[in-house]
Amino acid sequence: MQVKQIILPLWQSTRDLLPIIVVIAFFQIVVLQKPIPNMGQLLVGTGLVVLGLSLFVKGLEIGLFPIGESMAYAFARKGSVIWLLIFAFSLGFGTTIAEPALIAVADKAAEVAAIGHAIADTDTARSSYASGLRLTVAFSVGLAIVIGVLRILKGWPIHYLIIAGYMGVVIMTFFAPKEIIGIAYDSGGVTTSTITVPLVTALGVGLASSIKGRNPMLDGFGLIAFASLTPMIFVMGYGMLI
């Protein structure tokens, strides 16, 4: 039984990565017609990715998902909306500020901004720009999770909020500096990554499950949509300010 529990996640991760491996191998060998460089190093790296992905998924199953749902239940039973909203904001802010994808995008954006003379080409300026971008995105995600939690509590239809949000994105696009628009749109994607998604999803499902009259399938999901929407608006505003 224990062997099966070890082998199954590894097989599932390998199966999930197989299409990427096939695509890369096809274009490298058939289209470019060149041998794959550093084959040994590539195989070791792929094995580490499979192992890491397996451990990560298992960690979500036994750690992050249960704790997110249990805390949602606890706050719902406590009946304190203020503490629930504070927790929702803190969760959104904390998970986003630690998101590896956001860190990478913010650092690259600061590097490109320095090269393009949008900011001074110094370590201090690049660090300040990247930190400001990360804090802006994290704040916007925290606010988005608060709105999503209020939607679950009040039973607001999600499509009205999403439509209004994207109308805001379109309006902001007309006024924001063109240099920041691409970064803003990418910021909406990188927030919905490895750390944010599991905890926020667990919060939504757990909260909807604990409130009478709420359907976890209908009301528990949708928080991630807000988390990917608000950063676009806030980062464009950040670009207008700086």
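The values are calculated or read from the model by the stated rules, or taken from the named source; none is laboratory data. Computed from a predicted structure; not experimentally measured. Glycine also receives a Cβ, built like all others from the backbone with ideal geometry; neighbour counts cover every protein chain displayed. For accessibility, only protein heavy atoms count, side chains too; no ligands or nucleic acids. Shrake-Rupley method; radii C 1.70, N 1.55, O 1.52, S 1.80 Å.
Annotations for the structure displayed:
- Residue in the range 43-58 that is modelled with pLDDT under 75 and in a helix (DSSP H, G or I) present: yes
- Residue in the range 79-98 that is surrounded by 14 or more Cβ atoms within 10 Å (Cβ to Cβ), more than 19 Å from ALA202 (Cβ to Cβ) and of a type in the set (Val, Ile, Thr) present: no
- Per-region count, the range 221-242, residues farther than 29 Å from ALA118 by Cβ and either modelled with pLDDT under 75 or open to solvent by 30 Å² or more (accessible area, probe 1.4 Å) (or both): 3
- Among all residues of the range 10-19, there is none that is modelled with pLDDT under 75 and of a type in the set (D, E, K, R).
- TRP156 meets the conditions (1) open to solvent by 30 Å² or more (accessible area, probe 1.4 Å); (2) touching a helix residue (DSSP H, G or I) at 6+ places or on another chain (Cβ under 7 Å); (3) among the hydrophobic types (A, V, I, L, M, F, W, C) in every case but one. The failed one is (2).
- Taking the range 158-242 and the helices (runs of 4 or more DSSP H) fully enclosed by it, the elements with 3 or more residues that are out of contact with any Pro (no Cβ under 7 Å at 6 or more places or on another chain) and free of Cβ contacts under 8 Å to residues at least 24 places away in the same chain are at 158-175, 216-219.
- Of note, ALA184 satisfies the criterion of being within 14 Å of VAL105 (Cβ to Cβ), crowded, with 20+ Cβ neighbours inside 10 Å and aliphatic (A, V, I, L, M).
- Taken together, VAL57, VAL30, VAL112, VAL49 contain a single residue that is within 24 Å of PRO9 (Cα to Cα) and free of Cβ contacts under 8 Å to residues at least 40 places away in the same chain, which is VAL49.
Yes/no matrix, rows are residues, columns are (1) closer than 20 Å to ILE86 by Cβ; (2) in contact with a Gly (Cβ under 7 Å, 6 or more places away or on another chain); (3) open to solvent by 50 Å² or more (accessible area, probe 1.4 Å):
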residue	(1), (2), (3)
ALA125	no, no, no
GLY142	yes, yes, no
GLY165	no, no, no
VAL169	no, no, no
PRO177	no, yes, no
THR201	yes, no, no
